[in-house]
Structures are given as C-alpha cells and as structure tokens.
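To start, the structure under review is shown below, and the notes come after it.
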Protein chains: 4
Amino acid sequence: MRGYKKPTASIIGASGYSGAELTKILLRHPSVKLEKLYAHTQAGKKARDIYPALDTDAVFESYRGAQDTDIYFLALPHGEAFSIVPQLADAGKLVIDLSGDFRLKNPKEHLKYYRKDKDAKAVLTYAMPELYHDAIKQVKAVSNPGCYATSIILGAAPFVKRPLKGAAVKNVNCTAVSGISGAGRTGKVELSFSEMSGNVRAYKAGMHQHTPEILQALDTDTIKPAFGFMFTPMIAPLVRGIYAVLNIQLEKQLPVSQIREHFSAFYRSAPFVRVRETMPEVQHVAYTNFCDIHIAESADNGLVVVVTAIDNLVKGAAGQAVQNMNIMLGYDETHGLL
Amino acid sequence: MRGYKKPTASIIGASGYSGAELTKILLRHPSVKLEKLYAHTQAGKKARDIYPALDTDAVFESYRGAQDTDIYFLALPHGEAFSIVPQLADAGKLVIDLSGDFRLKNPKEHLKYYRKDKDAKAVLTYAMPELYHDAIKQVKAVSNPGCYATSIILGAAPFVKRPLKGAAVKNVNCTAVSGISGAGRTGKVELSFSEMSGNVRAYKAGMHQHTPEILQALDTDTIKPAFGFMFTPMIAPLVRGIYAVLNIQLEKQLPVSQIREHFSAFYRSAPFVRVRETMPEVQHVAYTNFCDIHIAESADNGLVVVVTAIDNLVKGAAGQAVQNMNIMLGYDETHGLL
Amino acid sequence: MRGYKKPTASIIGASGYSGAELTKILLRHPSVKLEKLYAHTQAGKKARDIYPALDTDAVFESYRGAQDTDIYFLALPHGEAFSIVPQLADAGKLVIDLSGDFRLKNPKEHLKYYRKDKDAKAVLTYAMPELYHDAIKQVKAVSNPGCYATSIILGAAPFVKRPLKGAAVKNVNCTAVSGISGAGRTGKVELSFSEMSGNVRAYKAGMHQHTPEILQALDTDTIKPAFGFMFTPMIAPLVRGIYAVLNIQLEKQLPVSQIREHFSAFYRSAPFVRVRETMPEVQHVAYTNFCDIHIAESADNGLVVVVTAIDNLVKGAAGQAVQNMNIMLGYDETHGLL
Amino acid sequence: MRGYKKPTASIIGASGYSGAELTKILLRHPSVKLEKLYAHTQAGKKARDIYPALDTDAVFESYRGAQDTDIYFLALPHGEAFSIVPQLADAGKLVIDLSGDFRLKNPKEHLKYYRKDKDAKAVLTYAMPELYHDAIKQVKAVSNPGCYATSIILGAAPFVKRPLKGAAVKNVNCTAVSGISGAGRTGKVELSFSEMSGNVRAYKAGMHQHTPEILQALDTDTIKPAFGFMFTPMIAPLVRGIYAVLNIQLEKQLPVSQIREHFSAFYRSAPFVRVRETMPEVQHVAYTNFCDIHIAESADNGLVVVVTAIDNLVKGAAGQAVQNMNIMLGYDETHGLL
C-alpha cells in the first residue's frame, strides 16, 4: 500500500474486550489507520486509562452518526447495531458488525434466542471466511460470527458441506468451554475471581443464542434441523479461549485418517485453520487467529470426536473481523494478523 | 462407639493427593483412629513436611507387610495393590482399594486399558454406595470407584438401572472437565502452572481407563456395550473437581420434570447425591462428598443433557472411600463426612 | 460438654465470605449449636442456595433485635455493628464482632481510616489470643482482629512486646499479598476473573485501615508511633490467604537462630502459631487456623525479614473468632478448629 | 530499511520461555530477519511443536559454533554463555546475552550468588537502556539485565543516580512478586499447577542472584553498599509479570508530587518507562515492553513507597533484548516493540 493513502477505520463499542482487542490489532495493522474509538459509557476517558497496555493516545467518544472514516467495526451489545449499520452501509462504508443483530435470517429464531424483534431484512453476509470467502469479497457490510459458533461450525462443516459417501451426519452434540472474557467486561458477582477460581459452570444448555447461527451456517433449518443438534456451553477459570468437543454421529464409521485428510483438503486454502495430529490446547491458539482442529476418535458406531480450539477474542471476534476486513479490502487474508 | 475401642486405620500410599485427603478426613473422623501413614518414596519424612496443612505428627514409613491396624486404605499407583490386598483380606482386615487394580471383571479389558495383565480373580465389590450399598455392607474388601467414573455413572445410572418405559438408552456421550490434581502430585512440564494457566487440554478421547468400569457398573458388556458410549476427558486450570456433561440419547423424549423426579426417587436414600434444580458448579461440591446432578435439557429427539459435579479428591476418591468404610463398619454413611 | 445443653449461636451478617466460613466451622463444632443465620440482603433465601457446599437447611433472616441465642458473631460491613453490639452485650450475650467498629481506642484514628465518627467508648478487647488470652477469657464481648493485622502483628509482636536487648525496633515496613476473597462477595469489574487473572495490584499504600490497629496492638501511639511503620497491601490471583513480608529494622543485627528461638519461646503456648524453619506458603495454611512464621533473613545492618502466612477467612476472620469463642467459653482453644 | 538487506538473527537457547518470546518478537520485527533457532535439548523438533502459537516453520538445531547470521541472542541457562559469547564477539557479531554470565564485575560476587567461578574479564556493558543508552550504542556485545533487576533498578535509580538535595538514600528494601514463567519451562513438583494455584511462596530472601547486579547498576559496592539493601522475591499464581514494591528510606521526607516530577524528568527520554499517577498493575504491562512506575506514598520519616510493574518475559528479558538490539543497530528504540 506504500504510496497510497491508508484506509481509515473506527470502532464503535471500543471499550469492551472485543473492542480493545480490535484496537490492539488495528494499531499494529500495516495497511489501515485506526482513527476513532467510540464508547459512550466511557466517553471522555483515554483508552489508555482503561486498557493501559494499548499504545494509543485516543480518547473514547460518543458515537453520534459520524461517517468520517472508511471502515467501521461495531462491537456493541446485541440490539444496538440495528439502527447504525444501515446508515453506514448506505453511505458506502465498509462495515463489520460483531453483534448477533444481522446474523439470523429467520426473525422468529432471533426473537426466540435474543428475545428481541428484528426486521427480516436485517441480515448481512455471515462472514466466516473459511466457508464464505467469495461472498465476503463482494459485499461491503458483513456480520462477524459468534465465538462459540466459530469453534463449532469449523469443527462440523467438512462433514456437512462436503459429506463423505454413506456418512451423512445424524447428530452433532457439542460441549464447549469458554474463557470468562466471553461474558464481557462486567462486574457480576458470579464472574468475580473469588467465585470463578476453581470453578466450572455450564449454562444455557440447548438454549444458547449461537445455536441458530451454527445451524444456519451448516445449511439446515434452524427450527427443524436435518440432524440432531445440542450445544452445552460452560465457563472455566481462564480468561481467553474456546475449547469445543464435538460428538458427531455419522451413519457409518470412517477411519480417523480418512477424516483427517478430508478436513485437511476442506481447509486447504484456509490459512488460519490448522488440522493437527495432536490434541489442541487453548494455549496453542491464545492471542492468535488460528483455529486448531483435531480428529480425536472414531468409534464403531460412527461416532466421531472432533476437538477445536480458538481464542474467543481473536478468531472468535476481533481477529476474524480483521480477517474479513482484509478480504473485503483485497489484502492478503493474514495481513497484520500473524 | 462410646465405650468401645475405636477401630484403627492405616493408609498405604499416603503421600499422594488422595492419600493426603484421606489423612485429613480420617484425622477428623470421630470413630476411627488413624495410626500409620505408609509412603515409600517419602519414607522418613514427616507428613507435615509435605502437607503442612495436616494436623499430625505422623512420619511416613515404607510398607513391609504390617497388619497391625483394623482398616487399610490403599491409595497406590495402578498395579501396586495386586500383591498387597489379598494378604490383608486373608488376615481379615477391612480393605478399601482406591486403585483400578480390582475394578474390572474382564482381564482383557484390564489389559487393554491399563496395559497390564491381571488375574481374573482379582476383582472386588465395586464400591459405589449409591448403587451397591447392600453388597458393600456384606464384604470386607472393596474397590473404590474412579473419579471420572463416579461422576458419569451417577449421571447415567437412573436411566440404565431403572429404565423409564419406552425410553431405553441408545447412546451416552460424555465430556468431563477435571481438576489437575487428578493427575497426581507430579512434576511434569505439561502440568506446570506456566503451561496450564489459561489452558484447556483434552486427552485419551474414547480411551480413558475409566471407560470399562463405567460400562461394567452400568450393567453392559464392556467390549460390545448395549448402547453407544464415548467419553472425552479434559483438564482445565483448576485443582479440584470433576464437571461432567452427559449427552444421553433416549429412544423418546421425556419431559425434564419427569426425569428429575425419576432421579430424585432413584437417589432418595443416597445422602450425598443432590438432584438439583439449578446448574451444578464445581465450587458447590469442592471440599465436600456431594455429587450434584442437574437435568439440564431434554430435546425433541430424545436427547437429555445431564450435568454432574463432584470433588475428584473427595467423592471421587478419599471421601467415597470413607463413605464405604462407614458402611462396612455399620456407621451412618455420612459419619465424619459432613 | 456431654450431658449439658450446648450453647446456641447466631451469625449476624452470615451471607458474606466470613459469615459463610463461620457457618461452616460452627456446623462442625462439637460443642456449639448454630441456630440462626441473619443476612438482610439475602433474607428469605436458603443458605444452601448461595453456598451449596454448606450442609444446612437454614434460611437467612433479617436481624431485628432478637436475643434468643447465647452467642452472637457479627460479620457485618464496617459501621453496622455499632448499634447492635451494645444491646447484645447489655443482655449478657457472648459477642464476637468481626468488623473494625470496636477496634480503635482513638476516635480520631477511626475517623481518619474508616471515614466515620465513632464514640470513644465504642471499644472492645482486641481479641488476638496470642497476645491477649487472659483478657479475652474475662470478658463477654470482643473485637476480632483484621486479617492483614493478624498476619502483621504476629510477625512483629515478639520484637516489640518482649524486646531483645539492644535490639529495639526502629522500623517495620510490610508488604502483604491478599487473596481476593478479602474484598468480600462483590461484583466489581476490577475484581472480576477476567481482570484479576494474571494480575497483581497494590492499593492504599500507607493508608489501609488495619494500620492503626496494628500499631495499637504493638503498644505504640497510632499517630506518632515509636517506630517507623509502612504497610502496602496488594491483591494477587488467589482466593484465600494472606502472605506478609515484614522488613523489620532492629538497632543491631541478631543471628537468625536467636530470633527463631525468641519467636518459638514467645509463641510457646499459642497452638495456632507455627514458627517454621522453612519458608511459609499460603497453601500450608489455607483452610486452617494456623499462622506460619519464618525468620527468613537477618542482615548486617540489623534488618530482619519475617514472613508470615494465614488464611484470611480462617485465622484472619472466622477461625480466630471461634478460637476466641472457645477461650471465652472455657473450651480448649483449638476445639473444633483442627 | 527498504532496499537494504535486513540483518539476520539467531537465538541460541530458543526453546525456553525467553527464547520463545524472542522468537515471537523477532518474527514480527520489520527490520530483522530471524534465521536460526538453536536449542540442543529440543534439536530436531519443529519450534511449532513446542510453541504452536508461533508462526514459523523453523526447526530447533544444536548450536555448534556457527556464525552465519549478523546478530546473536543467547537465552541460555547461567554458565553456558561464557564460552560462546567471546567467539561471537571476536567474529564481529552483534551479541545480546540474556544470562547472568557477563553482568557482574566482581568475580567474588559472581561466585557467591551463582556458585560458579568466572573470569574477571567476562563483563559486558550492562544493557539497561534507560541508564546506559549511549554506552549500549557504542558496543557490539551487551549483557541484558535480569527481570527482577529491571523492575527494581528502574524504581530506585532516580534517587541514586540523580539524588535530590538532602534526600540521600539510606535503605532500599524491596519485595517483588514474579510470575511463574520466571522459573523457566520446567517440570518441578513445586511449580505444578496443583501446588501453585492458590499459593504464594517467597524464596532466597536477601540471597537472590539479582542482588549484586542491582547494586552495581546503582553505582554502589556490592559487598559493602552505600545504603542498606534487602530484596525478597516471591512467586504467586500468575504466569507473566513482576510487581515490585520498593520501600526506600530517604534522609528526609519529600512530597509525592516532587518525587513524581523528578521521576518524570529522569525518564523523559525513556519511551518504555511510564511514570503513572495511579497504581500499576501487572495486566497493564503484560505482553508489552513497558515498565510502569508509581510513587505510592511518602511518609514523615522519609520513607517512600515506589511500585513498579513489568512483564518478566518482555521488558524483563526478550523485549529489552530487542530494545537493546534496536539501539545497537541505530534503529528507533521502540522499533517492532509497540
């Protein structure tokens, strides 16, 4: 990009953990200039006062409709992006929304899982680069996937999107451990250090709001899916990371080696997916945009255990958002992310 | 027991975490006198030098066949109890073995999972009080269940042991998070604080040695089980606790309320099992002998999510061992454990 | 106490961490019957709903002046005990107050550190058993020491209370690390797991409210102390424990061995103080009422490094309170605490 | 540097935590090309097999004297750099040694603290850029400071190097908490997660090997220092970071504001030192090359409390090493480090 003016970027909702991670990545990105940090609850404070590790003199501002940069990342609580995204899109801005507002095609599902009405037209390209690279390239506004959704979709997609002969998917049952930063920068008693140290707690079994976006991305009806689906999330005493164990029931047993090859082929052109021969660990992907995948076991009855690991704030949020921006801007997908 | 001499007890393998937990519980037990702590690797050291929180002046000794106390707890590495238990049993001692040596009826399974041959006769009553209370009462030597096994068997047994009409079990797929103390008091790089802080790591998916004892306790063949079974263990950054999520596929859907009542009825006389209406947490059971169970979800296709939590060192090891001792001695099951 | 009616006890402020720890200890205490748990913010809830590890069916109630038990523990926020203690004392109850309300003799100091006025008569015996055993035995109402204060006073008292010849104390400068439970059961962002994992943070250097009670217990004026005093507290990512490093400047160097003997002699009849020859660790005292002390170093210039460790919720709060109750009731000091 | 060949670099001792951190930083550095990773215990393994978060295909090799790159970083255990550094220096290479081998001028001190003899000539420029920037610029081989030493020297230097009138330093007594990564990538029982979770442990009070390098850098004799000095290190349950509390006794009291201005002036041209008005936290500096410093308190008797925080693996090791390399190569000091 030497000799050209760098595109400029803003973050709306910059004071949460995803916003701070976006700030960190964009400050280091060689081909984008981060200009504005919007965060109404922290307006007037220096970004550095809340995140002293960030190397910036920026001051948080309230967002009031400004459209003076080229790119907008929205890292707002669910429901707050509905009114902002259309205006930015109409103004021809590049928009990457990290909330759940524009993910679901079916407003009934949105109502069920987010408990909020939404317009049926409020849908953007679901920007998971490993599945929808070409579509992302052609649009100017996208919806960035959820963190759990990323870890689960990437672990199941090769079976669903490019099924192996005679091995259709019958059930996908997932258990995933998340780092506590997934709950946001918040002061709830049950998320305090004293309560969560030494603790593990599941929640929303079968009812987590990432369920419908996972099914939608796996090309099945979200209310009557073509295969059984159950997702149980839980939190454990770590800050970053999602570790997902998928029990996938196929119609027949396939050898682990064949599945591994299938996954490797499926993700051949996905620079951030690593199909590994050993068990993933959260620390292998923490602070990176990688998703590690391992085919852990294949049983007589066709059950396959797939294990995936990501950093919820990077591949599960800010990193994937920048990956999408790279694609939309025609940069190399990994630019500024390694 | 007032007026009678308290029975005396020894621990063989007292310097590991289960041994230390046994020591702590027995020192506080009102009706047993802990006399000897055997630990050959630490022989000559004071117990307090290794576990300063323990209130005892005892010195670790090497076990050389002594039979001078009434009760023997063995908390040895797998394979080391084979030669000791029969001698103690022959001498009429009360024996509670915490290893896997005497759990499996099928020597082939033992060979497969423990990689060691064993005699087909080396089997003791599988001492899970919630299932085999009467049998435990009638014997003088028992095999204490494994930690993961305890958390999984208790979550599945009501469906298998007392099936609900039309709702036979088709599959049991479990993911369980263990505290790192489950790996023992050991100096492996991959279990160091620097490697495990912020980390999660699965291991032995489908191949963990507790698999056959779970199936055996659930009354099915361990090589060709009557229902599909998959178990994926993992460790996360906590010291104590097992948190198990069981995805149990029944032949038809049952309402959560019916399952909960069924579980409550099944465990009516089990003082340490708490069928709860809210999600279990490790901290709810840490440092206790409780097993908390929650029926988290029941889906259209008959899938039920059961979540259980125990302290791996207490209900998963030392506490359950003392619970068994209480039963064998005719004490109240909870004596010294609340 | 067999044959006699057990004295009955209540806890006012039972839903915080100190209250829960008191509940746990008193439920196991062989010679006291815990009857009432008062906690106005949680009134109506079962104790077990908030602390499922507790083995009790008790329901939290609002305290409205009841005086139906023999003993009252007050574990209230600072300022809330002022009006309750006198009424209970007048009614002849045994009262152990865990707040700072009745600790300081000098109302000016109270105003300075607690920012609240207090009556000069609102002072109770400072119930540190290792220093004031006889006084505690003779009164019916006491003020239980603060957690940091306990760890620091016990590390300095032998030099101040029974000075070694020619080795008067010139300065006591302390740094202490506390577990996060010391901040109470609270939902502040800065105490969330995500903020405190991997973090250390000092606070209130030279201004912590335990400063004047430490000086008062060390027999010096709290405004113009006879020796320099500086205390810097900090929190680190652990739940329980206080670990204090005291740099004590004496007028001349004494050999470590002499100091150790002096400490051992000083604490000869203190069953919970262990003068140890190796470095204390928090895990050595966690979940116990012990205070471990080690004389770590003695330098040419007379500087001595003393390191102490306690569990802030046990020896630093609930355990010490029960130790005081034991003394006041004429029981063995360690009764129900080992 | 565009149009010029980038200088090439090697790391000898690349498989430890400092080596891995160096690898991460150098892979991202825009003006240096990392070519070789030497690590004899891991020779033959891919760097990615041990540190999967690293984005490199490099394979660890045994170092056998090769001199084919321009720059050499040595991150070896103490004692192993003695024989390598002189050869590289003679060959005109740029050498940055992270061990303690070349830090101390006085061989007696080296013998006392490292228990190894050394040649009186084995001394390199002590490469703390905030104190010795010009000297570092003029040499080709330097000794990188220790992690504790960095945090303590930076907190005391303004008082010693540029004393305030009438306020000479009488004593410097420090307590510092270190993350466990400071002990290296090792499998010791006492550093296991199970032993260190919830734990704090001091060690080597007054005897830590960074003591003499701190005194030497503060321009005083290391055996008979001009002021009292005591340093007590401890580890707590975090991976990264050093948090140092310095109790500095001056001859008279100075107001906090004056000291803060003095520090700000002293570090005016030090881009990585931040003299802050609020209390430092480890998370403010983790994964950065910053050293945060706060003047926390100043007491009547002249005692000043200074608190500093760094990341032990970055400013305390790899980051400072790259900062030194930048200076030696004539780059901007912060190049590749923000």
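Derivation of every value follows stated rules applied to the coordinates shown; laboratory data play no part. All values derive from a computational prediction rather than experimental measurement. Glycine gets a Cβ as well: all are built from the backbone with ideal geometry, and neighbour counts include every protein chain shown.
Let me know the mean shielding of D:178-188 by other chains, meaning the per-residue number of their Cβ atoms within 10 Å of its Cβ.
On the way: counts 1, 5, 5, 5, 1, 3, 3, 4, 5, 8, 4.
Mean partner shielding for this stretch: 4.
How much of the DSSP bridge set in chain C is antiparallel, in percent, rounded to the nearest 5?
Values: 26 of 56 bridges.
DSSP beta bridges in chain C are roughly 45 percent antiparallel.
Bridging of C:Lys112 to aspartates and glutamates at a Cα separation below 16 Å is possible for C:Asp101, C:Glu213, C:Asp221, once same-chain residues fewer than 8 apart are set aside. Taking square-rooted eigenvalues a ≥ b ≥ c of the alpha carbon gyration tensor, is the protein assembly as shown rounded, prolate or oblate, where a/c under 1.5 means rounded and, failing that, a/b exceeding b/c means prolate? Rounded, since a/c falls under 1.5. Taking a virtual spin label 7 Å from the Cα of D:Lys140 along the C-beta vector, which residues in the stretch D:48-74 bring their backbone nitrogen under 14 Å of it? Counting only backbone N, you get D:67-72. Give the calculated FRET efficiency between D:Thr56 and A:Tyr203 to the nearest 0.05, with a Förster radius of 41 Å applied to their Cβ-Cβ distance. For D:Thr56 and A:Tyr203, the calculated efficiency is 0.60. For the stretch D:198-252, the C-alpha radius of gyration sits at 1.32 times the compact-globule guess of 2.2 N^0.38 Å, with N the residue count.
About its Cα centre, the dipole of the stretch A:208-338 is roughly 120 debye, where the only charges are +1 on Lys and Arg Cβ and -1 on Asp and Glu Cβ. Counts of other chain beta carbons within 10 angstrom of each beta carbon in peptide B:279-291 average 5. Distances between placed amide hydrogens fall under 5 Å for A:Glu61 paired with A:Leu37, A:Tyr38, A:Ala39, A:Gly44, all partners being 5 or more residues away or on another chain.
Below 8 Å, C-alpha to C-alpha, sequence gap of six or more: please give me the relative contact order for chain D in percent.
Numbers: 740 pairs, mean separation 58.7, N = 338.
Relative contact order of chain D: 17 percent.
For D:Cys291, nonlocal amide neighbours, meaning residues 5 or more places apart or on other chains whose placed amide H falls under 5 Å from its own, are D:Val273, D:Arg274. Size descriptors for chain C (Cα atoms only): Rg and Dmax, in that order, 19.6, 61 Å. Among D:His110, A:His40, sorting on how many other beta-carbon atoms sit within 10 Å of each Cβ, with the fewest leading, yields A:His40, D:His110. For B:Asp97, D:Asp55, A:Asp221, the sequence from fewest to most other C-beta atoms within 10 Å is A:Asp221, D:Asp55, B:Asp97. Residue by residue, the stretch C:143-160 carries 3J(HN,Hα) couplings of 10, 7, x, x, 5, 4, 4, 4, 5, 8, 4, 5, x, 10, 3, x, 6, 8 Hz when phi is fed to the Karplus relation 6.51 cos²θ - 1.76 cosθ + 1.60 (θ = phi - 60°); x denotes Gly or Pro.
What is the antiparallel percent of DSSP beta bridges lying wholly in the protein assembly as shown, to the nearest 5? Mind dumping the intermediate values first?
Details: 110 of 230 bridges.
Roughly 50 percent of the DSSP beta bridges within the protein assembly as shown come out antiparallel.
When you filter the trypsin sites (Lys or Arg not before Pro) in the stretch D:1-108 for DSSP loop state and at most 10 other Cβ atoms inside 10 Å of their Cβ, you are left with D:Arg2, D:Lys5, D:Arg64. Residues in the stretch A:253-262 carry Karplus couplings, in order, of 6, 10, x, 3, 4, 5, 5, 4, 4, 4 Hz; the curve used is 6.51 cos²θ - 1.76 cosθ + 1.60 with θ = phi - 60°, and Gly or Pro positions show x. With a/c under 1.5 counting as rounded, go ahead and sort the stretch C:1-104 into rounded, prolate or oblate using the C-alpha gyration tensor (a ≥ b ≥ c being the square roots of the eigenvalues; past the cut-off, prolate if a/b is larger than b/c, else oblate). Oblate, since a/c reaches 1.5 and b/c is not below a/b.
Using a ≥ b ≥ c from the Cα gyration tensor of the stretch A:11-69 (square roots of the eigenvalues), is it rounded, prolate or oblate, where a/c under 1.5 gives rounded and otherwise the larger of a/b and b/c decides, a/b for prolate?
On the way: a/c = 1.74, a/b = 1.10, b/c = 1.58.
Since a/c reaches 1.5 but b/c is at least a/b, the shape of the stretch A:11-69 is classed as oblate.
Each of A:Pro233, A:Ile223, A:Tyr148 was scored by the projection of its Cα onto the charge dipole of the stretch A:148-312, and the greatest displacement toward the positive side belongs to A:Ile223; charges sit on the C-beta of Lys, Arg, Asp and Glu.
Model label sites at A:Asp49 and C:Glu190, defined 7 Å from Cα along the beta-carbon direction, differ in position by 1.3 nm.
For chain B, what is the mean residue ellipticity at 222 nm derived from helices alone (per DSSP H run of n ≥ 4: -39500 (n - 2.57); sum divided by total residues; nearest 500 deg cm²/dmol)? Present the calculation step by step, with values, prior to reporting the outcome.
Working: 11 runs with 93 residues, N = 338.
Theoretical 222 nm ellipticity from helices: -7500 deg cm²/dmol.
Could you pull out the trypsin sites (Lys or Arg not before Pro) across the stretch D:234-291 that fall in loop regions by DSSP (anything but H, G, I, E, B) with no more than 13 other Cβ atoms inside 10 Å? Don't skip to the answer; put the middle values down first.
Details: sites: D:Arg240, D:Lys252, D:Arg260, D:Arg268, D:Arg274, D:Arg276; in loops: D:Arg240, D:Lys252, D:Arg268, D:Arg276.
The qualifying sites are D:Lys252, D:Arg268.
Close amide H pairs (under 5 Å, H built 1.01 Å from N) link A:Asp70 with A:Thr8, A:Ala9, residues at least 5 positions away or on another chain. Local charge for C:Gly146 was computed over the other residues whose Cβ lies under 10 Å away, with Lys and Arg +1 and Asp and Glu -1, and equals 0.
Express as a percent, rounded to the nearest 5, the fraction of DSSP beta bridges in the stretch D:148-312 (both residues included) that run antiparallel. If you can, show how the numbers build up before the last one.
On the way: 25 of 36 bridges.
Around 70 percent of the beta bridges assigned by DSSP in the stretch D:148-312 are antiparallel ones.
Peptide A:238-251 is shielded by partner chain Cβ atoms: per residue, an average of 5 of them sit within 10 Å of its Cβ. Counted over all Cα-Cα pairs of the stretch A:148-312, pairs farther apart than 23 Å make up 38 percent. Whole-Hz Karplus values for the stretch A:318-323 come out as 5, x, 5, 5, 6, 4 Hz, taken residue by residue from phi with 6.51 cos²θ - 1.76 cosθ + 1.60 and θ = phi - 60°; glycine and proline positions read x. Let me check I've understood the local charge: for A:Val59, count other residues with C-beta under 14 angstrom from its C-beta, Lys and Arg +1, Asp and Glu -1. What total comes out? Taking every Cβ under 14 Å from that of A:Val59, the sum is 0.
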